[in-house]
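The values are calculated or read from the model by the stated rules, or taken from the named source; none is laboratory data. Quick caveat, the model's predicted, so the values are computed rather than measured. Using ideal geometry, Cβ is built from the backbone for each residue, glycine included, and neighbour counts are taken over all protein chains shown. SASA here: full protein model, heavy atoms, side chains in, ligands and nucleic acids out. Shrake-Rupley method; radii C 1.70, N 1.55, O 1.52, S 1.80 Å.
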Amino acid sequence: MATKQTIRDIQSLRGTRVFVRVDFNVPMDGATITEDTRIRAAVPTLQFLREAGAELVLASHLGRPKKGPTPDLSLGPIAKRLAELMGCEVDLAGDSIGDDVRTRAGALKPGGLLLLENVRFHPQEEANDSGFAKALIDDSGATVFVNDAFGTAHRAHASTAGVAPFVKQRVAGLLMEKEVHYLGLALASPPQPYVAIIGGAKVSDKITVIENLLPRVDSLLIGGGMAYTFFKAMGYNTAKSLVEEDKVSLAASLLEAGKGKILLPFDHVVASAFRADAETKTLPVTEIPENWMGLDIGPMTVEVFGKEIRKAALVLWNGPMGVFEMKPFAAGTFAVAQALAESKATTIVGGGDSVAAISESGLMNRITHVSTGGGASLEFLGGDVLPGVACLDEGETESQ
């Protein structure tokens, strides 16, 4: 299969100005970063470029500013945290284009870092305006574009894809390379047995992923709220559980297409209300009291799913098994996380909620690859072409 060139393919970087698109869109509580995984994930690429003597101009977005510059969405706290992680000074520009950027970028020395202010302070960023994309490159003085922001690779924005025509080289960073490698493994010649675990609230969010994975996997384990749309298609009483009525017929067709592969929960934790203090019962999935709702998989399902995971060579997990944010309904999700951690398989976790569960369970370092891209990983696994990957220079073709 064709690969993309990476920062390793550039022969000499000393004194080269490099425009690096990173994904520093991290959760914030005011000016406090509450979770810095995405910043940490960019460090290997930035260290590689610094040690090679490149001059680095970094671009990222934060949040969804709609009316220009918003102090609460400044990258100031990000620059401070990045400096701590890198062990060096990180200069912060007052904007992402303009005189201040030209001055600060022009003063960079080999190994120096300049972080541009939030690119989404300009509406032209999300509009993929070519004039804005050209200004990002012209004002930074960059001749090489490095995309290391897999989390935004599914967006055709100015800083993720629009800048590509205005530089001499366009390559992937180490994080982007890793993301494409492992998620690509889940689609192209995956090792067998191959088990995919799909959860989350809605079938509609995962339709293309399920359809794309079904021909490739040996087992597809389904949990979370989306399971109840499948149960409705099977004629089960779902009471007040989450059901997408307009997707029931689709669920029925997926069950038909996935005969012998799709595995649904056998038991579930049901509650009298969508509250942490609600009355709960663990019952077979064929049973649910009227006006109650299913909010987690049960222990029998955990055992069966665990057996499937333990015999796999490759496991892909996207989406929680229940409402894990509430303690009474978290056991299923954390049990799946533990099963992945104990597995001898190559394990890949994608999707914001699954990543949060892995992080909360303290098992992050026992998973082969934890994707930084929620929407991007879903679109990639669904078979879509990601603009932020497609715009990069082609590498050599891998032999199959």
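Tabulated data
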{"read-out": "Every residue from the range 84-107 that is on the phi > 0 side of the Ramachandran plot and either in a helix (DSSP H, G or I) or free of Cβ contacts under 8 Å to residues at least 40 places away in the same chain (or both)", "value": "Gly87"}
{"read-out": "Search result, residues across the range 200-233 that are within 16 Å of Val248 (Cα to Cα), touching a strand residue (DSSP E or B) at 6+ places or on another chain (Cβ under 7 Å) and among the small types (Gly, Ala, Ser)", "value": "Gly223"}
{"read-out": "Top-ranked residue of the range 37-62 - restricted to ones that are in contact with a Phe, Trp or Tyr (Cβ under 9 Å, 6 or more places away or on another chain) and either open to solvent by 30 Å² or more (accessible area, probe 1.4 Å) or of a type in the set (S, T, N, Q) (or both), ranked as nearest to Leu113 (Cα to Cα)", "value": "Ser60"}
{"read-out": "Counted residues, the range 242-275 - those being surrounded by fewer than 14 Cβ atoms within 10 Å (Cβ to Cβ) and more than 23 Å from Pro299 (Cα to Cα)", "value": "7"}
{"read-out": "Test: Val180 is aliphatic (A, V, I, L, M), on the phi < 0 side of the Ramachandran plot, open to solvent by 20 Å² or more (accessible area, probe 1.4 Å) and out of contact with any Ser or Thr (no Cβ under 6 Å at 6 or more places or on another chain)", "value": "yes"}
{"read-out": "Scan of the range 375-388 for residues that are in contact (Cβ under 8 Å) with a residue 40 or more places away in the chain, of a type outside the set (Phe, Trp, Tyr) and open to solvent by 20 Å² or more (accessible area, probe 1.4 Å), ordered by number", "value": "Gly375, Leu378, Glu379, Gly383, Asp384, Pro387"}
{"read-out": "Filter result for the condition that a residue is touching a residue at least 24 places away in the same chain (Cβ under 8 Å), of a type outside the set (S, T, N, Q) and assigned to a helix (DSSP H, G or I), over Leu250, Leu242", "value": "Leu250"}
{"read-out": "Residues (surrounded by 18 or more Cβ atoms within 10 Å (Cβ to Cβ) and either touching a Leu at 6+ places or on another chain (Cβ under 7 Å) or under 22 Å from Gly94 (Cα atoms) (or both)) located in the range 129-145", "value": "Phe132, Ala133, Ala135, Leu136, Ile137, Asp139, Ser140, Ala142, Phe145"}
{"read-out": "Residues that are open to solvent by 30 Å² or more (accessible area, probe 1.4 Å) and in contact with a helix residue (DSSP H, G or I) (Cβ under 9 Å, 6 or more places away or on another chain), drawn from the range 276-292", "value": "Ala276, Asp277, Thr280, Thr282, Pro284, Thr286"}
{"read-out": "Residues that are open to solvent by less than 20 Å² (accessible area, probe 1.4 Å) and either outside any strand (DSSP E or B) or free of Cβ contacts under 8 Å to residues at least 60 places away in the same chain (or both), drawn from the range 207-224", "value": "Val209, Ile210, Leu213, Leu214, Val217, Leu220, Ile222, Gly223, Gly224"}
{"read-out": "Boolean, Val195 is touching a Ser or Thr at 6+ places or on another chain (Cβ under 9 Å), modelled with pLDDT of 95 or more and over 22 Å from Leu263 (Cβ atoms)", "value": "no"}
{"read-out": "Qualifying position, being open to solvent by 40 Å² or more (accessible area, probe 1.4 Å), modelled with pLDDT under 90 and not polar (S, T, N, Q), among Glu342, Glu396", "value": "Glu396"}
{"read-out": "Residues being part of a strand (DSSP E or B) and among the β-branched types (Val, Ile, Thr) - total across the range 1-49", "value": "6"}
{"read-out": "Residue ID - farthest from Glu125 (Cα to Cα), chosen from residues in the range 63-73 that are in a loop (DSSP other than H, G, I, E, B) and open to solvent by 30 Å² or more (accessible area, probe 1.4 Å)", "value": "Thr70"}
{"read-out": "Count - residues of the range 156-192 that are modelled with pLDDT under 95, under 23 Å from Thr37 (Cβ atoms) and more than 13 Å from the chain's Cα centre (by Cα)", "value": "4"}
{"read-out": "All positions within the range 1-25 that are surrounded by 21 or more Cβ atoms within 10 Å (Cβ to Cβ) and either among the β-branched types (Val, Ile, Thr) or more than 17 Å from Asn147 (Cβ to Cβ) (or both)", "value": "Thr6, Ile7, Val18, Val20, Val22"}
{"read-out": "Ala188, sole failed condition from (1) over 30 Å from Leu263 (Cβ atoms); (2) out of contact with any His (no Cβ under 7 Å at 6 or more places or on another chain); (3) surrounded by fewer than 20 Cβ atoms within 10 Å (Cβ to Cβ); (4) touching a residue at least 12 places away in the same chain (Cβ under 8 Å)", "value": "(1)"}
{"read-out": "Yes/no for Glu117 being part of a loop (DSSP other than H, G, I, E, B), touching a residue at least 40 places away in the same chain (Cβ under 8 Å) and open to solvent by less than 10 Å² (accessible area, probe 1.4 Å)", "value": "no"}
